[in-house]
Amino acid sequence: MRRFKAVALGLVLAVLAGHAVATELSPLRVGDQRGAVQVLLKAAGELEHVPYRIEWALFPVGAPLVEALNADAIDFGYVGDATTTFALAAGARLKTINVWDFGQGGAAIIVPEKAPIHAVADLRGHRVGLVRGSPGHLLVVAALKQAGVPLADVTLVYLSAADAKAAMGRGSIDAWAIWDPYVAAAQIQDHMRILVGSQGTVREVECGVASDSAIATKRAQLIDFIARVRRAYAWAEAHRQEQAEAYARDTGTPLDVAVLTFSRQQVTVLPAVTDDAIAVHQAVANLYFDAGVIPTRVDVAPTYDRSFTLNP
């Protein structure tokens with residue numbers, strides 16, 4: 001028995017060190033938005049020699065990813081703090097084990113090029129399309145508060161990303177709160193302009209969320225996976241063009257849209273959960289509650305698991 005325990009411990013430690021080992025690690029079920037993380041890992045060479053199988057599930061936005069996690073259909077995925085907050089307020093069972101810091105912010109409110117909307121205050125009396133509980137929703141709430149415009153003065157229209165794009169084309173909404181690559185596509189293909197972006201309006205973090213069962217049974221896989229993501233984003237800093245080309249090739253996104261998207265993306269995968277990241281997330285949760293977006297105040301700190309740390 002002692003020998004068996006020693007061997008098992010040695011195998012786990014090897015995985016944590018990033019080495020491939022011949023062991024029966026169970027698959028890690030990862031949710032991904034539009035395939036972005038999978039494409040990045042592949043382009044950076046981080047899908048080679050993985051000592052467990054990764055089963056990918058693709059989602060258009062973060063909300064259905066969190067629903068799948070809460071239903072135990074996946075083990076892990078990355079979503080914005082706004083989406084995480086909305087899910088927590090609805091009683092979702094999840095823990096944040098890893099955090100990304102966004103240097104440039106992730107969302108923007110866009111309008112038609114010739115629209116008579118040139119400042120956030122001009123949104124009064126207009127219809128804004130967004131995904132409920134998303135980073136776009138957060139940006140609208142934060143931007144209106146910053147501009148001194150009551151949320152009630154704007155009509156929020158809750159739509160999927162695809163439906164919002166179509167609604168903009170029909171003129172059924174006057175503005176759209178969304179994120180890249182949707183923003184880049186709207187700028188290049190539909191001649192939309194950015195009214196306001198997240199940078200300078202609201203700080204955001206991206207939450208790597210996992211289920212309690214995955215934390216309990218797949219710790220080695222989770223640590224290995226987030227370490228691969230961290231290395232991949234470090235690679236991307238010096239390989240923007242290669243990242244864009246890989247994304248365009250693997251997702252069917254036009255290359256010019258991918259290039260614009262990744263040219264302005266600044267992501268830092270933190271080696272551990274920090275007090276600052278939790279504070280940023282808590283500010284988001286407070287903003288949502290104060291605006292009436294969520295019915296109860298959410299204390300995010302207990303939903304963070306600080307035990308997942310990477311080598312600096």
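All of the numbers you see were taken from the coordinates with simple rules; none came from a lab. Because the structure is predicted, anything quoted here is derived from the model rather than measured. Cβ sites come from the backbone with ideal geometry, for glycine too, and all protein chains shown count toward neighbours.
Neighbour counts of C-beta atoms inside 10 Å place 160, 263 in the sequence 263, 160, starting with the fewest.
Distance between the C-alpha centers of segment 186-243 and segment 106-123? Whole Å please. For segment 186-243 versus segment 106-123, the Cα centre distance is 26 Å. Normalised by the number of residues in segment 107-197, the average gap of Cα pairs under 8 Å and 6 or more apart makes the relative contact order 50 percent.
Rounded to the nearest 0.05, what FRET efficiency is calculated for residue 155 and residue 239 with R0 set to 30 Å and r the Cβ-Cβ distance? For R0 = 30 Å, the calculated efficiency reads 0.10. Only sites in a loop by DSSP and with at most 12 other Cβ atoms within 10 Å count here; which chymotrypsin sites (Phe, Trp or Tyr not before Pro) in segment 203-312 make the cut? Sparse-neighbourhood loop chymotrypsin sites (Phe, Trp or Tyr not before Pro): none present. Considering only beta bridges that DSSP places wholly inside segment 107-197, some 60 percent are antiparallel. Is it possible to state the helix-based mean residue ellipticity at 222 nm for the chain, with each DSSP H run of 4+ residues giving -39500 (n - 2.57), the sum divided by total residues, to the nearest 500 deg cm²/dmol? What is it? That comes out to -13000 deg cm²/dmol.
Entry note: segment 107-197 has Rg to Rh equal to 0.91, where both radii use alpha-carbon atoms and Rh is the Kirkwood radius.
The C-alpha atoms of the chain define a longest principal axis, and helix 2-16 lies at about 40 degrees to it.
Note on the chain: Cα convex hull, mean projected area over all directions, 16.1 nm². Can you figure out the FRET efficiency of residue 113 with residue 263, using R₀ = 30 Å and their beta-carbon distance, to the nearest 0.05? In this case the efficiency is close to 0.90.
Compared with the alpha-carbon gap, the fully stretched path from residue 162 to residue 276 is longer by 37.7 nm at 0.36 nm per residue.
With both residues required to sit in the chain, DSSP beta bridges show an antiparallel share near 60%. Averaging the sequence gap over all C-alpha pairs within less than 8 Å and six or more residues apart, then dividing by the number of residues, gives the chain a relative contact order of 26 percent.
Taken one residue at a time, the phi angles of segment 221-228 give Karplus couplings (6.51, -1.76, 1.60, θ = phi - 60°) of 5, 5, 5, 4, 5, 5, 5, 5 Hz. Gly and Pro are set to x. Centroid-to-centroid, using Cα positions, segment 50-70 and segment 265-282 are 21 Å apart. Ellipsoid fit via the Cα gyration tensor, segment 160-312: semi-axes of 30, 24, 14 Å, each the root of five times an eigenvalue, largest first. For GluC sites (Glu not before Pro), the sites in segment 21-92 that DSSP calls loop and that have at most 13 other Cβ atoms within 10 Å are 24, 48. For segment 31-189, the convex hull spanned by the alpha carbon atoms encloses 134 Å³ per residue.
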